[in-house]
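Worksheet for the structure shown next.
The values are calculated or read from the model by the stated rules, or taken from the named source; none is laboratory data. Nothing here was measured: the structure is a model prediction, and the numbers come from that model. Cβ coordinates were reconstructed from backbone atoms using ideal geometry, including for glycine residues, and neighbour counts include every protein chain displayed. In case anyone asks, the SASA skips ligands and DNA or RNA and just uses the protein heavy atoms, side chains included. Shrake-Rupley method; radii C 1.70, N 1.55, O 1.52, S 1.80 Å.
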Amino acid sequence: MIVAIKTAVAGRLRHSDLSVVSGDRAWPMPIVPGHEAAGVVEEVGPGVQSIRPGDHVALIFLTQCGECEHCIEGRPSLCARGTQANREGRLLTGGPRLRLDGQVVHHHMGLSAFAEHALVSEKSLVKIPEDLPFVEASLFGCAVMCGAGTALYSAGIRPGQTVAVFGLGGVGLAAVLGAVTAGAGRIIAVDPSETKRVLARSIGATDCVDASGAGAVEAVRELSRGGVDHAIDTSSSLGGFGNAFEATRRGGSTVSTSLTHPSQMFSFPLARLVAEARTVKGSYIGTCVPGRDIPAFIQLYRQGRMPVDKLVTRTLQLEQINEAFDALSEAREVRQVITF
């Protein structure tokens, strides 16, 4: 069940893309990167039923087989078959299906979105409204689910609770939007970039803390009267997670979306986990169900309640992708998208 897509916009560059280039995470090579995009269906293969040529779609970076125990119990973010296919650089339905001068080229996250066309599994797509601009549409396949989904589902923020978000890239800012949607009473945005902190405040953060100094944890704890109910780490750094952990109150939860280098380890006294009734958890794709949550998030955006368009700070052409990666590695941009 293969679908040919004409890519309209490749969504934000993020550290998971940078890890392919830097080699921080092992991927089969050669490979075409890119894990977030929106486009138009050009052709469908035998057996495809949910979409047809001409449909507008958002691309999802983790294919859901729909048959494993995790998919059946409503947790497709843990789909074992989809994860295995991604790690092997192929599609869920087989492959790899890309070639260059006769040589096999692998798929990144089942999408390989940094290309004008893509071959993907039908299960990597969610149909979207045709009047939704592609730049905004491209954000829903990863950033919004990873960020807003983490706030709403993985952390399970309740109205009136206190939240701190560490790291204000695209996912962190989407987590701020998710915390606003959840009705958090206080939302503390933590990042060394003043530009990003200003942006976070414009979309609903109630307080901002400069993470470049040594007193970030103390500042968060003071603002939240002893620690936040939920600390969300999207910093992609060991230090960011450590700060999030220390800023969490007794009985609170620390949730991370960060994919750091596999060699990095974090430790804490086990007694604290018990005596302080802590919850420490990871969040993959925000624990979202794409077919359910992408349409819901789009509806919130259209109602003005989730202004994801404010997260795009730069639009580039594919030829500028190396320049975009430089800006990402130096944390100079919040969200960059590639248009075709």
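From the list Ile232, Ile203, pick out the single residue that is under 15 Å from Leu168 (Cβ atoms), of a type in the set (A, V, I, L, M) and surrounded by fewer than 24 Cβ atoms within 10 Å (Cβ to Cβ).
Answer to the selection: Ile203.
For Pro53, indicate whether it is at negative phi, open to solvent by 50 Å² or more (accessible area, probe 1.4 Å) and at pLDDT 90 or above.
yes
Hey, among Gly286, Gly239, Gly291, which residue is more than 30 Å from Lys6 (Cβ to Cβ) and modelled with pLDDT of 85 or more?
So the residue among Gly286, Gly239, Gly291 that is more than 30 Å from Lys6 (Cβ to Cβ) and modelled with pLDDT of 85 or more is Gly239.
Of the conditions (1) in a loop (DSSP other than H, G, I, E, B); (2) modelled with pLDDT of 90 or more; (3) not small (Gly, Ala, Ser), Trp27 fails just one. Which one is it?
Of everything listed in (1) in a loop (DSSP other than H, G, I, E, B); (2) modelled with pLDDT of 90 or more; (3) not small (Gly, Ala, Ser), Trp27 misses just condition (2).
Those residues that are open to solvent by less than 60 Å² (accessible area, probe 1.4 Å) and either farther than 13 Å from Gly11 by Cβ or at pLDDT below 80 (or both), I need them from segment 296-317; list them, please.
Ala296, Phe297, Ile298, Leu300, Tyr301, Gly304, Met306, Pro307, Arg314
Considering only residues of segment 235-258 that are among the hydroxyl-bearing types (Ser, Thr, Tyr) and open to solvent by less than 30 Å² (accessible area, probe 1.4 Å), which is farthest from Pro192 (Cα to Cα)?
Here the answer is Ser253.
Just to verify a result, which residue in segment 101-123, among those that are out of contact with any His (no Cβ under 9 Å at 6 or more places or on another chain) and not in a strand (DSSP E or B), is most open to solvent (accessible area, probe 1.4 Å)?
Top of the filtered list is Asp101.
For Ala189, work out the one condition from (1) modelled with pLDDT under 95; (2) buried (at least 18 other Cβ atoms within 10 Å of the Cβ) it doesn't fulfil.
(1)
Being outside any loop (DSSP other than H, G, I, E, B) and surrounded by fewer than 20 Cβ atoms within 10 Å (Cβ to Cβ) is the filter here; which residues of segment 62-100 pass it?
Glu69, His70, Ile72, Leu78, Ala80, Arg81, Thr83, Gln84, Arg87, Gly94, Arg99, Leu100
Scan segment 124-140 for residues that are assigned to a strand (DSSP E or B) and either open to solvent by less than 30 Å² (accessible area, probe 1.4 Å) or not basic (Lys, Arg) (or both) and jot them down.
Leu125, Val126
Got at least one residue in segment 204-222 being farther than 23 Å from Cys288 by Cα, polar (S, T, N, Q) and in contact with a Phe, Trp or Tyr (Cβ under 8 Å, 6 or more places away or on another chain)?
No, every residue in segment 204-222 fails to be farther than 23 Å from Cys288 by Cα, polar (S, T, N, Q) and in contact with a Phe, Trp or Tyr (Cβ under 8 Å, 6 or more places away or on another chain).
Hey, can you tell me all the residues within segment 159-186 that are within 19 Å of Val220 (Cβ to Cβ) and surrounded by fewer than 19 Cβ atoms within 10 Å (Cβ to Cβ)?
Matches in segment 159-186: Gly160, Gly185, Arg186.
Is it the case that some residue within segment 210-220 is within 30 Å of Leu59 (Cβ to Cβ), open to solvent by 10 Å² or more (accessible area, probe 1.4 Å) and not aliphatic (A, V, I, L, M)?
no
For segment 156-274, which fully contained strands (runs of 3 or more DSSP E) count at least 2 residues that are touching a residue at least 12 places away in the same chain (Cβ under 8 Å) and more than 20 Å from the chain's Cα centre (by Cα)?
Counting at least 2 such residues, we get 207-210, 228-233, 248-256.
Mind listing whichever residues of segment 211-229 are over 15 Å from Gly172 (Cβ atoms) and touching a Pro at 6+ places or on another chain (Cβ under 7 Å)?
Listed by number, the list holds a single entry, Ser212.
List, please: which pairs have Cβ atoms under 7 Å, are six or more places apart or on different chains, and start with a residue in segment 121-140 that is under 23 Å from Gly66 (Cβ atoms) and end with one that is part of a loop (DSSP other than H, G, I, E, B) and at pLDDT 95 or above?
Pairs found: Lys127/Asp55.
Yes or no, residue by residue, for (1) polar (S, T, N, Q); (2) under 20 Å from Ala296 (Cα atoms); (3) in contact with a helix residue (DSSP H, G or I) (Cβ under 8 Å, 6 or more places away or on another chain):
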position	(1), (2), (3)
Gly74	no, yes, no
Gly102	no, no, no
Val105	no, no, no
Ala113	no, no, no
His117	no, no, no
Asp131	no, yes, no
Val144	no, yes, yes
Gly156	no, yes, no
